[in-house]
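Take a look at the structure set out below.
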Amino acid sequence: MIESYLTFIHNHLIVCLAVFVTVIPLFLIFYRKANIDPSFNLLLIYLISKLIIDLIMFHYATQRTNNLIYYNLSVPLRYALLSGMFYYKIESVVYKRGIIYSIIGFLIFSIWDVFHVNPDIKDLHNHSMVAYATTVECLLMLFWILVYFYEIIRMLKIPNLLTFPFFWVCSGLLLYYSSFIFIAPILHYSDKWENPLSIGFLDLVPYIFETLCLLFFSIGVWIFSTRYYAKQ
């Protein structure tokens, strides 16, 4: 078992980095006690769920077993937790309601997408990745990120963005989703368990930017201060 893990890591180092680097911001949230902030608490829950799902997918991948069902389950969960962070940061009541409605709507859409691409839902061996949900998630997340940036620029409440923890979180998400949106539409065809479409280096792009995103999370959490948070 250990040998198969090590072989997989050696052959798919960039993919595995996006899994194991998750531990860094996860540890720092506990160390810096950043979870007293509701947004960072949701980030903590997201990182824990991400690590668990990633490790399950990692295990099944080493056993040459279809693991795409776990990715499909992670998509609405990821969107709910990450967009939920902006519910506590965006001040507009209209946008706050929009986030709640979008989470509910996206959950329904994701369920439809899973059944749409998998008519025989019990056939886990031939289970396919969602066709549209990932792209819609990218568009929605980019929208909430830009709304948040618009608010902080318009209100001028933050004297130095580089010392503001959530700015780094948003920057990481912006970097990740702005790159992912160009790859997401073809993942349904390239990440099939049987006869996948080869897209070469592009297949690694999401994992590279996911790792960078996690490092940005780590910077944001590292500069988090409970004393500074108490003043907000």
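The values are calculated or read from the model by the stated rules, or taken from the named source; none is laboratory data. Note that the coordinates shown come from a computational prediction; the quantities given were computed from them, not determined experimentally. Cβ: placed from backbone, ideal geometry, glycine included. Neighbour counts: every protein chain shown. Side chains are part of the model used for accessible areas, which takes the heavy atoms of the whole protein and leaves out ligands, DNA and RNA. Shrake-Rupley method; radii C 1.70, N 1.55, O 1.52, S 1.80 Å.
Every test in (1) more than 25 Å from ALA18 (Cβ to Cβ); (2) open to solvent by less than 20 Å² (accessible area, probe 1.4 Å); (3) part of a helix (DSSP H, G or I) is passed by ASN72 save one, and that test is (1).
Residues considered: LYS89, LYS122. Of these, the only one that is part of a loop (DSSP other than H, G, I, E, B) and open to solvent by 50 Å² or more (accessible area, probe 1.4 Å) is LYS122.
Only one of the numbered conditions (1) over 12 Å from the mean Cα position of the chain (by Cα); (2) surrounded by 15 or more Cβ atoms within 10 Å (Cβ to Cβ) is not met by LEU43, and that is (1).
Checking SER190, SER198 one by one, the residue that is open to solvent by 50 Å² or more (accessible area, probe 1.4 Å) and of a type in the set (Gly, Ala, Ser) is SER198 and no other. State yes or no: is VAL130 crowded, with 16+ Cβ neighbours inside 10 Å, touching a residue at least 24 places away in the same chain (Cβ under 8 Å), on the phi < 0 side of the Ramachandran plot and over 17 Å from the mean Cα position of the chain (by Cα)? Considered against the rule, which asks whether it is crowded, with 16+ Cβ neighbours inside 10 Å, touching a residue at least 24 places away in the same chain (Cβ under 8 Å), on the phi < 0 side of the Ramachandran plot and over 17 Å from the mean Cα position of the chain (by Cα), VAL130 comes out as no.
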